[in-house]
1. Could you say which residue among Ala141, Ala131 is within 16 Å of the ligand (Cβ to nearest atom), open to solvent by 30 Å² or more (accessible area, probe 1.4 Å) and under 29 Å from Ser221 (Cβ atoms)?
2. Grab the strands (runs of 3 or more DSSP E) fully contained in region 168-221, keeping just those with 3 or more residues being under 30 Å from Ala141 (Cα atoms).
3. Of everything in region 101-126 that's of a type in the set (A, V, I, L, M, F, W, C) and within 21 Å of Ile46 (Cα to Cα), which residue is farthest from the ligand (Cβ to nearest atom)?
4. Could you please let me know if Glu232 is touching a residue at least 40 places away in the same chain (Cβ under 8 Å), assigned to a helix (DSSP H, G or I) and either more than 16 Å from the ligand (Cβ to nearest atom) or of a type in the set (S, T, N, Q) (or both)?
5. Every residue in region 262-282 that is surrounded by 15 or more Cβ atoms within 10 Å (Cβ to Cβ) and closer than 17 Å to Leu227 by Cα, please.
6. Determine whether region 220-229 contains at least one residue that is in contact with a strand residue (DSSP E or B) (Cβ under 6 Å, 6 or more places away or on another chain), more than 14 Å from His188 (Cα to Cα) and within 15 Å of the ligand (Cβ to nearest atom).
7. Which residues, taken from region 59-82, are surrounded by 24 or more Cβ atoms within 10 Å (Cβ to Cβ) and within 14 Å of the ligand (Cβ to nearest atom)?
8. Out of the helices (runs of 4 or more DSSP H) lying entirely within region 45-129, which hold 2 or more residues that are under 23 Å from Tyr183 (Cα atoms) and free of Cβ contacts under 8 Å to residues at least 60 places away in the same chain?
Amino acid sequence: MKITLLHMKNALIFLLPSLIFSLVSTQASALQLSPIQVSPGAYAFIGDTGMRSYENEGMNANTGFIVTRAGVVIVDSGSSFLVAKAMHDAIKKITRQPIKYVINTGGQDHRWLGNGYFKEQGAQIIASRKALTDMQERGAAELAALKPELREKLAGTQTVYPERLVDKEETLIVGGEVIRILYFQGGHTPGDAVVWLPKEKIVFSGDLVYVDRMLGILPISNSKDWLASFEEFEKLMPKIIIPGHGKVCDLPIASKDTKAYLVLLRKHMHKAYNDGMELQVSISSLDQSAFNHLEHYELLKGGNASRVYLEMEAE
Ligand SMILES: [Zn+2]
């Protein structure tokens, strides 16, 4: 009996390091995140433009950060605890400054499910009040939907809500950097806000701007609000836009891939609905081919058209 116990103990001593190693190695993101520098202090992580998958770990969106001499401000915490940690590992290669704030530009999974990691680092989390409501309403469903895709890569991810809320606008001054959080009226999701650096004329637009890939009108989206928000957004006259999805761009590109598409959808569906056209005819008579260069064009064009038609019924 004694020998057996001793054997077990010895075996454990041998096994333990490899056990711990395999636990740690399965609990790391496999993403190779390398931020793009857009100004001396502002960086973007350009995410995959595909749909959420095990390979992209749900990071099918852009996030970013601003380095100041008094700490780092994160814009969107990514799709999971492990993705947030991977973001932080990449940031540590640039600066040793602590993470001071996390701003969530909206309530969609990839904007905020990494909050728990940054909260553990001592960051304060900020979002629009409408984004908080959205997170509270959809957070559990967002996690449940990611689970079968991300599996063990979702380890440690919890719904951690922002504690500081913005109604219309708020200005943070961190290490002398002016960072403005502006809420217009949402659109892609009700809580969509932007992060504006007035000195550099750089904006992290969150999901108000999609380029390279077709935007998605979701059941929670509102194309009328989205267009109105875009019209407020463009008054900023940003020089550099870190869009919610797609490559870093400027206002003409954002207008072409996002605003012009919203205008087309709304104009057509407004007329179709007022002319008493049926849903199916309204969709099939809409020529969206000017946007067929956008990724997911075939996949999303029908759903987008039908949701805007349904919005017209409600308007
Ligand atoms: Zn998004």
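The values are calculated or read from the model by the stated rules, or taken from the named source; none is laboratory data. Owing to the predicted nature of the structure, the values given are computational and were not obtained by experimental measurement. Virtual Cβ from ideal backbone geometry, glycine too; neighbours counted across all protein chains shown. SASA here: full protein model, heavy atoms, side chains in, ligands and nucleic acids out. Shrake-Rupley method; radii C 1.70, N 1.55, O 1.52, S 1.80 Å.
1. Ala141
2. Values: elements: 169-174, 177-183, 193-197, 202-210.
Where strands (runs of 3 or more DSSP E) fall fully within region 168-221 and carry at least 3 residues being under 30 Å from Ala141 (Cα atoms), they are 177-183, 193-197, 202-210.
3. The selected residue is Phe118.
4. Details: touching a residue at least 40 places away in the same chain (Cβ under 8 Å): yes; assigned to a helix (DSSP H, G or I): yes; either more than 16 Å from the ligand (Cβ to nearest atom) or of a type in the set (S, T, N, Q) (or both): yes.
Criteria met by Glu232.
5. Leu262, Leu264, Leu265, Arg266, His268, Met269, His270
6. No: region 220-229 contains no residue that is in contact with a strand residue (DSSP E or B) (Cβ under 6 Å, 6 or more places away or on another chain), more than 14 Å from His188 (Cα to Cα) and within 15 Å of the ligand (Cβ to nearest atom).
7. Matches in region 59-82: Met59, Ala61, Asn62, Thr63, Gly64, Val75, Asp76, Ser77, Gly78, Ser79.
8. The helices (runs of 4 or more DSSP H) meeting that bar are 109-112, 115-120.
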